[in-house]
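Worksheet for the structure shown next.
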Amino acid sequence: MRAHPAGPLHGGFETPASVGAPPADLGALDPAVWPRSATRVDGELHLAGRPVTELAREHGTPLFVLDEADFRGRAADFATAFADADVHYASKAFLCGQVARWIADDGLHLDACSGNELAVALAAGFPAGRIALHGNNKSLVELQLAVDAGIGHVVVDSFDEIERLVPLAAARVAAGGSPVPVLIRTTVGIEAHTHEFIATAHEDQKFGFSLATGDALTAAVRIIREPALQLTGLHSHIGSQIFDTAGFEAAAHRVVGLLGQIAQATGQVLGELNLGGGFGIAYLSEDDPVTPEDVARRLRSVVAAECAALDLPVPRLAVEPGRAIAGPGTVTLYEIGTIKPVRLGAGGGGGAPVRNYVSVDGGMSDNIRTALYDASYTCVLANRTSTAPPALCRVVGKHCESGDVLVRDLWLPSDVVPGDLLAVAATGAYCWSMASNYNYLLKPPVVAVRDGVATEIVRRQTLSDVFALDAVLAGTPAPSPAVDQPAPEHAAGFSS
Ligand SMILES: Cc1ncc(COP(=O)(O)O)c(C=O)c1O
């Protein structure tokens, strides 16, 4: 693991082998990586018809810019590919009121992973019947909200949760309501990431009921015997950023096997099978994700074959893409603040290569994924193109943490200067939603762009918002001008 705890410098002073040769065009926008509307006009990056310098001037930086047509187009691609199934948008990737409305209007279902994600969706008017609630430690309050709202499924995750849910469901039934529909989250012993998956007999994780130990079957029997609960099917989720379907196929094989065991043990044939999310996206040009059509075709055929082998009817399928819908259509705009050339290698001698630490005005508080998961991103100089020779760079944030890296190694034009804008690609999933206030940096706004119109769908957090939580500072005026806003001289100085 290259990220490390707070402390003195450990940036990894090896010569970066991973970065490869500089590309022919440092400003190129690979359509596999950048939002569908991304283009350059007179050198400047435009998103859905809006120049990034204008967006930065109007909304400040750091700024999440979300291409609405891209987001909704990817949701539609899944809905079309899985027309005979249910597509649940995994809202943990990115959720706000506007996103909940788009997903609702576009006919998809939605997964919430906490009572508050559920509350956001409900408050935005999302139809409760199309919501599933996940979570390995749902509280009584969260379950009560789900039961009262009449959500589509509670995805039960533990025996404790079943016992917590039963009295709430029984009260609903006693009041004339219907039993609470549930899925059982199974742990199938498959773990998949990118091109690899491992299949094991046992699982060592906090989610779900194990198939291998028989817990999943025991849970199914318990729920089927409980009149206030209606077991409608099984759920499995095997990992994230998965590039081929082999792991899903192995999981489907195991989970259909459990459908057969349940039918044998109880006589109940469950009609739903949710195979989770985890479909990968291209963060870099070399990433090669599967298309929704491919996934749908493979899953359909594997589940049909497994069911035929066990003489079971084919259940209704569901999937839960999060990243694959939200990720690719958003970029983060940052302003460069400082550039520091550092000689690599012991002693930093004259012949040693130089890495330029390009510091921007956000960092691990708006994108923790590089530090947390060693994730790879790419970025471009956004306010202009340049024909200057390439320089080896590391794009870092402004946090007091040497692991505060956004893009570990890449080539940028050697004439980038403070005041230039950088755009980091594919930041729509698990960036804003994982944002923090570390070092009291403030959460950036999210601006949706469509047909040349930019709409702030989440406003920038202010220091006053943060002061309001503090017992001593609540009501104290925050410094003015706000310290998180772009300096006027930089806002005026974007060189395009
Ligand atoms: C149960 C479940 N479903 C769906 C997802 C969405 O995954 P992704 O965004 O990789 O598609 C996750 C993410 O971890 C998850 O835990």
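Each value in this text was obtained by applying a stated rule to the coordinates, not by laboratory testing. Owing to the predicted nature of the structure, the values given are computational and were not obtained by experimental measurement. Neighbour counts run over all protein chains shown; Cβ positions are idealised from the backbone, glycine included.
Computed values, structure above
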| read-out | value |
| --- | --- |
| For the stretch 372-386, 3J(HN,Hα) per residue [Karplus equation, 6.51 cos²θ - 1.76 cosθ + 1.60, θ = phi - 60°, Hz, x = Gly/Pro] | 7, 10, 6, 5, 10, 10, 10, 8, 9, 5, 9, 7, 6, 9, 8 |
| Ascending count of other beta-carbon atoms within 10 Å, so fewest first, for THR245, THR187 | THR245, THR187 |
| Computed [θ] at 222 nm, helices only, for the chain once each DSSP H run of length n ≥ 4 contributes -39500 (n - 2.57) | -8000 deg cm²/dmol |
| Range in the chain, longest, excluding exposed GluC sites (Glu not before Pro) [loop by DSSP; at most 14 other beta-carbon atoms within 10 Å] | 15-285 |
| Beta bridge orientation in the chain: antiparallel %, DSSP, nearest 5 | 50 |
| Qualifying lysines (Cα of each under 22 Å from Cα of LYS92; at least 8 residues distant if same chain) | LYS138, LYS206, LYS443 |
| Karplus 3J(HN,Hα) series, Hz, for the stretch 464-472 with 6.51 cos²θ - 1.76 cosθ + 1.60 (x for Gly, Pro) | 5, 4, 6, 4, 4, 8, 9, 4, 8 |
| Prolate/oblate/rounded call for the stretch 207-273, Cα gyration tensor, a/c under 1.5 rounded | prolate |
| Rounded if a/c under 1.5, otherwise prolate or oblate - the stretch 68-326, Cα gyration tensor axes | oblate |
| Packing-based exposure ordering (other Cβ within 10 Å, fewest first) of TYR357, TYR283, TYR440 | TYR440, TYR357, TYR283 |
| Gain upon complete extension [VAL453, SER301; 0.36 nm per residue less C-alpha separation] | 50.5 nm |
| Order of VAL290, VAL472 under a 10 Å beta carbon neighbour criterion, fewest first | VAL472, VAL290 |
| Full-extension gain in nm, ARG225 to ALA388, via 0.36 nm per residue minus C-alpha separation | 51.6 nm |
| For ASN274, residues with placed amide H under 5 Å, excluding near neighbours | LEU234, HIS235, SER236, ALA318 |
| In order through the stretch 128-143: 3J(HN,Hα) via Karplus (6.51 cos²θ - 1.76 cosθ + 1.60), integer Hz, x for Gly, Pro | 4, x, 9, 10, 10, 10, 9, x, 8, 8, 6, 7, 4, 5, 5, 5 |
| Cα-based shape type of the stretch 334-408, given that a ≥ b ≥ c are square roots of the gyration tensor eigenvalues and the cut on a/c is 1.5 | oblate |
| Coil-residue trypsin sites (Lys or Arg not before Pro) of the stretch 207-259, DSSP, other Cβ within 10 Å capped at 12 | ARG225 |
| Estimated inter-spin distance, ASP311 and THR338, nm [label 7 Å along Cα→Cβ] | 7.4 |
| Cubic angstrom per residue, convex hull over Cα atoms of the chain | 164 |
